[in-house]
Every structure is written in structure tokens, then in C-alpha cells.
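The structure under discussion appears below in the form of C-alpha cells.
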Amino acid sequence: MLTTKEVALLQKELETAQRPLFFYDDDPDGLTSFLLLYRVYREGRGVIVKSSSKLEKPMLGKVDEQKPDKIFVLDVPVIEQEFADGVHVPIFWIDHHQPIVVKNVHSFNPRRKDPEIYIPTSRMAYQISNHPEDLWIAAVGCFGDYYLPNFLPEFLQRYPQLLSKEMSLPEILYQTPVGKLVRIFSFLLKGKTTEVYKCIKILTRIASPDEILQQSTPAGKYLFQRFEQINQRYEPLIERARQPATKSKVLLFHYQEDEWSFTADLANELAATYPKKVIIIAREKGGEMKCSLRAQFPILPALEKALVGIDGFGGGHPNACGMVIKKPDWERFLQRFKDEVA
Ligand SMILES: [Mn+2]
């Protein structure tokens, strides 16, 4: 969590900003962090940082275009020094990934003090915005980043229609209305950029989650129907990925990624469905196998062992990793990884 002093400082900076520019990560945690902060004063603009998850020099074009007086960077793991050096207004970076040193940036990251701590950016954005009517947005961000926030009792009391009782995260994500909202927020970020920004603009004005889930206003109905269109692309993929019970500890799913990238959604849902297996989502690109790994137990040590002497690299979090393996070494790697996790 942010300290009281940090919250006060960021509230002040947000209040005094005339044209804030928000850069945020391309997932529910990033999106809800933006929505929470934007909805306080409804000033400035938001820009999604797409798949590279880095704020790089080319993004300076957006800064020139918008001419902000302050920049807020939300849930983006990396700001390149060249970007920070090219900006002549203050940058406030609120994040919870592995901290890195970037000069000329005001960094707010609880992991600087405690490397083990896990606090989604949306939880911190809610500390700053402190608008109780946006509690549901904060909850979507936290659950989306696989985190049970300390405001859960308040959430249960205020939104029993979204979550009726305490449950595990996999149950919340795949069996409840608030879990559906997490998926809706994730899917609205996919597809054509103009359509994505249109949906986000609508989200900045949605007052209650029922507008979306019950389609009780035209705005909410629009978002729900957009979600359903995208979900039609996802459902056949997850159907194909679900597999009959086998003894193998590894569930491997090959898929061709296009503009509709569902990698993280597939990996998360499969890991929740098969809690004892390691999920590998593999895409072949340019002679390499690009993979996302997920499990509900630590897999990083097995990955590191299996990679020794293999033409490839990988790493990440204890339960969620990425890797890239050269095609000729793929089968050999896979066998070694299976042996390691067995
Ligand atoms: Mn996050």
C-alpha cells in the first residue's frame, strides 16, 4: 500500500494537474487504475501501453501531441530512461512490478521497501481516488491481478449481487458476476484501437456495474454486446484447450496469435480449471516457440533447470513465467521440463 504521505502527495498532484496524461498497462489492473484516477477530476487523457509493457521513446509522440503538465504512469513495469529524459514535465510512476532505477521519475512502488509484497496498482489508485462509488472498479482491478484486497468485507456488503460470500480467487474469477466483470474489462481492451478507446471512454462514465451486467442503460448495453462479440472468439479457443484428464503434469496448448491475443486469459482460466497442472500456451513465431506458463504452485525452479544448455531463455514470477525456445530445441526442452515438474 502507499503510505499516508504518498497518498496525500499524489492526491495533491492530481488535483493541481490541468492536463494530466495517463499511461497505463494493457490489462484490467492497468485499465482500472486509469479509470479510478481519471474519474476523480475527468481531466486529461489516457493512453494504453500495449504488449511491450515498456514506456519507450516512440511514446514521446503522444506527449508532444497532448502537451500534458503532468504524467502518471500506471502498472507499467518499465520506463526507458530515454523516455524519461525526453519529457519536460513531472512523471509520477505508480507500479508494483520489480523496481528498476529510472532517473527524473517520481516512483511509488511498495516493492522498493519490501521485495516480497504484492499490491496491484488498482489497490493503490483506489487509495488515491478514495471514491466509495468506484469500489467495484477497484475490486475488478484487484481480482484481475489475482489479489484479495483488504476492502473485501466492504465489497461483499455493498455489492452482494456481484459476490455473495468469501471465496477463493479461482472461484471468484470464474463463477461469480464480479469475475465476469474482470473478463469484460480484459476483453474490452482487445481489437481495433479506435473501438478499444471508445469502450474506455464509455467506462469512464458508467456509474454502476449493473449498467453493464444487467444492460440497464444504453452505455452498459453497448459494452456488454461488445464483450459478447469478443467472447465469441475466445470460447472456441478455451473449448479446444480444455482436455480430457491425463496423467501428464503439463497441459500444452498451441495457438496462433493474431490481433486478438488471448494468451493471458487462456493461461489464467486453464490454471484455475486444472490446479495440479502446469499450463503452457505456445505460439510459434519466426522459428521460435514463445510461451506463457502458469500454475497454482511454483514452477520457476523447474523452468530454470530445464533451460540449462537449451537455446532459449525464460523467467518471471514463481507461478507465472514466460519463455522463448528455438524451434530445434523445443522437443528436448519440453521433455526436460516435464521431467522436472513430474
Ligand atoms: Mn498489475
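Some values worked out for this structure:
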item: Listed residues ILE117, ILE200, GLN215: farthest to the positive end of the dipole of the chain (Cβ charges); result: GLN215
item: Check: the stretch 4-206 dipole with +1 on Lys, Arg Cβ and -1 on Asp, Glu Cβ, in debye; result: 460
item: Given charges at beta-carbon only (K, R positive; D, E negative), |dipole| of the chain in Debye; result: 380
item: Rg over Rh [alpha-carbon atoms, Kirkwood Rh] for the stretch 243-341; result: 0.93
item: Rounded FRET efficiency, nearest 0.05, which uses the C-beta distance separating ARG242 from THR204 and R0 of 35 Å; result: 0.45
item: Label zone at VAL324 (point 7 Å along Cα-to-Cβ), backbone N below 12 Å, the stretch 261-303; result: 285-291
item: Extension gain, GLU284 back to ASP64 (0.36 nm per residue minus Cα-Cα distance, nm); result: 75.5 nm
item: Karplus 3J(HN,Hα) series, Hz, for the stretch 36-49 with 6.51 cos²θ - 1.76 cosθ + 1.60 (x for Gly, Pro); result: 4, 6, 5, 5, 6, 10, 6, 10, x, 9, x, 10, 7, 8
item: Cα-based Kirkwood hydrodynamic radius, the chain, one decimal, Å; result: 21.1
item: Mean Cα-pair separation over length for the stretch 4-206, i.e. relative contact order, pairs under 8 Å, 6 or more apart, %; result: 20
item: Taking the chain and dividing mean pair separation by its residue count, relative contact order in percent (alpha carbons under 8 Å, at least six apart); result: 11
item: Whole-Å distance, taken between Cα centres, linking the stretch 184-198 and the stretch 114-173; result: 22
item: Choice from ILE117, ILE200, ILE79 with maximal GNM fluctuation in the chain (Cα, 10 Å cutoff); result: ILE117
item: Signed unit charges on C-beta, dipole axis of the chain, positive-most listed residue VAL278, PRO170, GLY322; result: VAL278
item: The stretch 4-206 - Rg (one decimal) and Dmax (whole number), Cα, Å; result: 16.4, 49
item: Spacing of the two label points (7 Å from each Cα toward its C-beta) at THR194 and GLN215, in nm; result: 2.5
item: Among 151-160, 237-246, the order from most to least packed when residues are scored by Cβ within 10 Å on average; result: 151-160, 237-246
item: Additional length obtainable on full extension of the chain from LYS57 to ASN130, 0.36 nm per residue less Cα span; result: 23.0 nm
item: Derived scalar couplings ³J(HN,Hα) [the stretch 103-117; Karplus, 6.51 cos²θ - 1.76 cosθ + 1.60; whole Hz; x for Gly, Pro]; result: 7, 6, 9, 8, 9, 10, 8, x, 6, 5, 8, 9, x, 8, 6
item: Computed Rg/Rh of the stretch 189-303, alpha carbon atoms with Kirkwood Rh; result: 1.06
item: Neighbour cut-off at most 15 other Cβ (10 Å), DSSP loop, chymotrypsin sites (Phe, Trp or Tyr not before Pro), the stretch 231-267; result: TRP260
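Read the figures in this text as sums done on the coordinates, not as results from a lab. Fair warning: this is a prediction, and the values are worked out from it, not measured in the lab. We place every Cβ from the backbone using ideal geometry, glycine too, and count neighbours over all the protein chains shown.
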